[in-house]
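Single-structure report; data block below.
Every read-out reported here was derived from the displayed coordinates using simple, explicitly stated rules and does not represent laboratory data. Everything numeric here is computed off the predicted structure, so don't read it as measured data. Here the Cβ is made from the backbone with ideal geometry for all residues, glycine too, and neighbour counts use every protein chain on show.
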Amino acid sequence: MQGRTKLSVSDIISKKGKEKLSVLTAYDYSTAKICDSAGIDILLVGDSAAMVVLGYSSTVPVGMQEMMIFCGAVARGTKRAIVVGDMPFGSYQVDPSVAVENAIQMIKSGCDAVKLEGNSEIVDTITAIIDAGIPVMGHIGFRPQTSSLWEGHKLQGRTKEGANKLIEDAIILEKAGVFSIVLEMVTSEVVDAITKSVSIPTIGIGSGPNSDGQVLVLHDMLGIYQDIRPKFVKRYAELNKGIFDAVSTYNHEVKIGMFPGESNTFHMDAKELDKWKNERRV
């Protein structure tokens, strides 16, 4: 187990080039507590909750109300890791002042920072949030909230033009003040170039080994979520089967009267039971 001292944004930045950053999504108190105890550096309360928790087909439908509930639960289960709240679609695109208000709500719920998807078009919004005293994590490459609307789930940085644009985006975000950048579904060569071009940590997902850290969706890496199986995810467990087997066994034992057994049952004090029985006979 890692040390339990609460990490700061400065601690995260200082790890660049020295220690790889481990990042996982989390959406509830119990799993956040497990991930935090295991030494994960950053817990991202991802808008992926829309899919793996709420059952939507994309991240777009989830709103601030749901995200606030998830953020509060994760924050209450976390002592060491940085908690980053994923700002949902529609919570920061309309106006910087609205974005600041929503970011403040995430911080009040227990988050230490917020994450926004986008590049040069959201610089003013990033600046406004940072000016309000709130650390911001950037997110470029494939952007689940909007990329799929334009081009589907496509790998980013496949061409010279695409590579140069991503590097430019990363530098723009660093100048805007973000403390780290998520690179999603970006070619490993471009990730390497970006990581060397900025002084803040890069965190990859589906982007190879050349970033300063890695992030996965918890339900993917544990094998719980089965609706899609991204190629870039390594399954560290297959809990879907384990949970299914356990629930099936429970169902069977209830049906045949095997559960609850004596070890799961409470009884009255013997003397009180005798008195009660005698009274009932009168």
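Only bridges with both residues in the stretch 9-237 count here: give the DSSP antiparallel percent, nearest 5. Write out the running numbers ahead of the final one.
Working: 1 of 29 bridges.
Bridges in the stretch 9-237 are about 5 percent antiparallel.
Taking the beta-carbon count within 10 Å as an exposure proxy, list Arg4, Arg80, Arg281 from fewest neighbours to most. Intermediate results must be reported in sequence, preceding the final value.
Values: Arg4 10, Arg80 18, Arg281 5.
With the fewest neighbours first, Arg4, Arg80, Arg281 line up as Arg281, Arg4, Arg80.
Listing Lys20, Lys231 from the residue with the fewest other Cβ atoms within 10 Å to the one with the most, what is the order?
Working: Lys20 15, Lys231 6.
In increasing order of surrounding Cβ atoms, one gets Lys231, Lys20.
Can you give me the distance in nm between label points at Lys79 and Glu279, each placed 7 Å from the Cα along the Cα-to-Cβ direction?
4.6
Name the residue farthest towards the positive end of the dipole of the stretch 124-282 from the options Ser207, Gly257, Val178, assuming +1 on Cβ of Lys and Arg, -1 on Cβ of Asp and Glu, about the Cα centre.
Of the candidates, Gly257 comes out farthest on the positive side.
Check the straight Cα-Cα distances from Lys165 and name the aspartates and glutamates below 16 Å, setting aside those fewer than 8 residues away within the same chain.
Glu117, Glu121, Glu174, Glu184, Glu189, Asp192
Please work out which option in (i) 20.4; (ii) 13.9; (iii) 23.7 gives mean projected area of the Cα convex hull in nm² calculated from these coordinates, and answer with its label.
Evaluating mean projected area of the Cα convex hull in nm² on these atoms matches (i).
Asp124 to Lys271: FRET efficiency via 1/(1 + (r/R0)^6), r the Cβ-Cβ distance, R0 51 Å, to the nearest 0.05? Please list the in-between numbers first.
Values: r = 75 Å, r/R0 = 1.48.
Efficiency for this residue pair is about 0.10.
Rounded to whole Å and sorted largest first, list the principal axis extents of the Cα atoms in the stretch 125-282.
91, 38, 28
Could you give the nm distance between label points at Ala38 and Ile243, where each point is 7 Å from its Cα heading toward the beta carbon?
So the label points at Ala38 and Ile243 sit 1.4 nm apart.
Which trypsin sites (Lys or Arg not before Pro) in the stretch 116-181 sit in a loop by DSSP (not H, G, I, E or B) and have at most 15 other Cβ atoms within 10 Å of their own Cβ? Provide the component values of the computation, followed by the final result.
Details: sites: Lys154, Arg158, Lys160, Lys165, Lys175; in loops: Lys154, Arg158.
Those that pass, being in a loop and sparsely packed, are Lys154, Arg158.
With an 8 Å Cα cut-off and a minimum separation of 6 or more residues, compute the relative contact order for the chain in percent.
On the way: 508 pairs, mean separation 40.9, N = 282.
Reported as a whole number, the value is 15 percent.
For the chain, find the longest principal axis of its Cα atoms and tell me its angle to the long axis of helix 188-197, 0 to 90°, nearest 10.
It is inclined by approximately 70 degrees.
So for Lys115, Lys255, Lys79, fewest C-beta neighbours within 10 Å to most, what's the order? Write down the numbers at each step before the final one.
Values: Lys115 25, Lys255 9, Lys79 13.
Ordered by Cβ neighbours within 10 Å, fewest first: Lys255, Lys79, Lys115.
Working from Cα positions, state the angle (0 to 90°, nearest 10) between the long axis of helix 239-255 and the longest principal axis of the chain.
Relative to the chain, helix 239-255 is tipped by roughly 20 degrees.
Of all alpha-carbon pairs in the stretch 34-190, indicate the percentage at a distance above 20 angstrom.
Details: 6126 of 12246 pairs.
Looking at the stretch 34-190, the distances longer than 20 Å represent 50 percent of pairs.
Quick one: length gained pulling Lys231 to Ile104 fully straight, 0.36 nm per residue minus the C-alpha distance? Please report the intermediate quantities before stating the final value.
On the way: separation 127, 0.36 × 127 = 45.72 nm, distance 3.55 nm.
Stretched out fully, the Lys231 to Ile104 stretch lengthens by 42.2 nm.
GNM on the chain, C-alpha springs below 10 Å: top fluctuator among Thr249, Thr127, Thr31?
Evaluated over the chain, the most mobile residue of the options is Thr249.
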